[in-house]
Amino acid sequence: MDRHMNLILLAGGFAAALAGAFVFEPGMLFLLTEVMVVLILAQMWNLLAGFGGQVSLGQQAFFGLGGYLLFLGANSTQIPLWVWLGVTPLIVGLLAVPLGLVVFHLKNAYFAVGMWVVAEILAAVFMRFDFLGGSAGIVLRPGGASMTMNPERLVFFIAAFGFVAIIVALRLFLKSTTGLALLGMRDSPDAASACGVDVRRMHLMVFVIAAMGCAAGGSLYYITTLYISAADAFQMNWLIVMMFVSIIGGLGTLTGPIIGTLLFIMIREAMTSAGFSGGTYWIVMGALAVVVLLLAPRGLWPLIRDFHFRKTGRVTR
């Protein structure tokens, strides 16, 4: 049954992404691509913190690094942009290995803050050196020439189908022996280690996967903007969004970040359309977060799931 469900999800995701790429106009595609990117980022932070027990305050480092590596590689070589889109997450994943081996010496809150420091260092480095764009940032010019096409349709298709593929991959992973070991390690690292789980290797694996996912999100997002700057790419707001939608929706669930993302986008777009200034919606977001965490500390999706179980007696994932 699960195998058939995964195949249905992949086929439905492919069809919906393809149809959306042709049906929606460019402005809507840009918004929907941002939604898909937020969903990808949220699932990566959720994998790291909700399933892996590693709370990081620096995942924006990989988001910005993914965008910058794509721009620098595409602008300075004749390798097609879309090849760089696939290669960039792999490069970031390789870079995350030595970084993880270093920051894993920090525990709990020290690890979280240490990752935030890494993000701030990267922002300072990219703003300091002109060959990295400096404070002016970089315009996307693949092969040294201006873009001759509007990438919104292809980027949306890749982002939308990629998100569905990530959900299917996480479903399979969490039901595997490795996934069950990860959940056991999250609940009790010492007990998992006593049962033969290599905690350090497991943490590194999840850390690298989350880094690659965030880098892919950064690459996809900045292709649509055609411009990147360190002040934007490494800003704390990206982390806040990841954390907000994951925690509000339900940390440690696959459905929770989806609910959180939909709430975030709907509130932001409604308030922007109503004429409120750019950052005002964060006041509403903050108030919503406080209310939800007071009434439903595990998030909205676990609350909905428990209510459904009490009414029907059936478990909803």
Residue-wise, which Karplus ³J(HN,Hα) couplings in Hz belong to region 86-93, taking 6.51 cos²θ - 1.76 cosθ + 1.60, θ = phi - 60°, and x for glycine or proline? x, 7, 4, x, 5, 4, 4, x
Just to be sure I understand: with springs between alpha-carbon atoms less than 10 Å apart, which residue in LEU254, LEU47, LEU94 has the highest mean-square fluctuation in the Gaussian network model of the chain? LEU94
Leading residue at positive end of dipole, the chain (Cβ point charges), from LEU288, GLY179, VAL118: GLY179
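Please give the calculated 222 nm ellipticity per residue for the chain, where each DSSP H segment of at least 4 residues contributes -39500 (n - 2.57) and the sum is spread over every residue; nearest 500 deg cm²/dmol?
Result for the chain: -24500 deg cm²/dmol, rounded to the nearest 500.
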Packing-based exposure ordering (other Cβ within 10 Å, fewest first) of TYR68, TYR110, TYR281: TYR110, TYR281, TYR68
At R0 = 45 Å, how high is the FRET efficiency between LEU183 and GLU25 if r is their beta carbon distance? Nearest 0.05 is fine. 0.60
Tell me which of ILE304, SER246, SER277 sits at the most positive position along the dipole axis of region 236-317, charges placed on C-beta atoms (Lys, Arg +1; Asp, Glu -1). ILE304
Between TYR227 and residues 5 or more places away or on another chain, the pairs with built amide H atoms under 5 Å apart involve LEU140
Give me the net charge of PRO297's neighbourhood, meaning all other residues with Cβ under 15 Å from the Cβ of PRO297; Lys, Arg count +1, Asp, Glu -1. +1
Can you give me the C-alpha center-to-center distance between region 153-204 and region 79-120, rounded to a whole angstrom? 17 Å
Using the Cα centre as the reference, give the magnitude of the dipole from point charges on the C-beta atoms of region 2-234 (Lys, Arg: +1; Asp, Glu: -1; all else neutral), rounded to the nearest 20 debye. 360 debye
How much FRET efficiency would the formula 1/(1 + (r/R0)^6) give for SER176 and ILE8, where r is the Cβ-Cβ distance and R0 is 22 Å, rounded to 0.05? 0.65
Ranked by Cβ crowding within 10 angstrom, fewest neighbours first, how are THR88, THR272, THR148, THR312 ordered? THR148, THR312, THR272, THR88
At 7 Å along Cα-to-Cβ for each site, give me the label-to-label distance between ALA165 and ARG141 in nm. 3.1 nm
Provide the per-residue ³J(HN,Hα) series for region 150-158, in order, calculated from phi with Karplus coefficients 6.51, -1.76, 1.60 and θ = phi - 60°, each as a whole number of Hz, with x at glycine and proline positions. 8, x, 4, 5, 5, 5, 4, 4, 5
Can you list residues whose amide H is under 5 Å from GLY58's amide H, if they're 5+ apart or on another chain and H is modeled 1.01 Å from N? TRP116
So how do MET149, MET44 line up by other beta-carbon neighbours within 10 Å, fewest first? MET149, MET44
Charge-dipole axis of the chain as Lys and Arg at +1 and Asp and Glu at -1 on Cβ define it, positive-most pick from VAL83, LEU70, LEU106: LEU106
What is the mean projected area of the alpha carbon convex hull for region 2-234, to one decimal in square nanometres? 13.2 nm²
From the backbone phi of region 49-62, what are the Karplus-calculated ³J(HN,Hα) couplings (6.51 cos²θ - 1.76 cosθ + 1.60, θ = phi - 60°) in whole Hz, Gly and Pro given as x? 8, x, 9, x, x, 10, 7, 10, 9, x, 5, 5, 4, 6
In the Gaussian network model of the chain, springs joining C-alpha atoms below 10 Å, which of VAL103, VAL241, VAL35 carries the largest mean-square fluctuation? VAL103
Let me have the relative contact order for region 236-317, percent, based on Cα pairs under 8 Å that are six or more residues apart. 30 percent
Given H placed on each backbone N at 1.01 Å, which residues far from THR77 in sequence or on other chains put an amide H within less than 5 Å of it? GLY143
Have a look at VAL55, VAL284, VAL155 and tell me which one the Gaussian network model of the chain (Cα, springs below 10 Å) gives the largest fluctuation. VAL284
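Taken together, the values in this text are just the output of simple stated rules run on the coordinates, not laboratory data. Computed from a predicted model, the values in this text were never measured in an experiment. Here the Cβ is made from the backbone with ideal geometry for all residues, glycine too, and neighbour counts use every protein chain on show.
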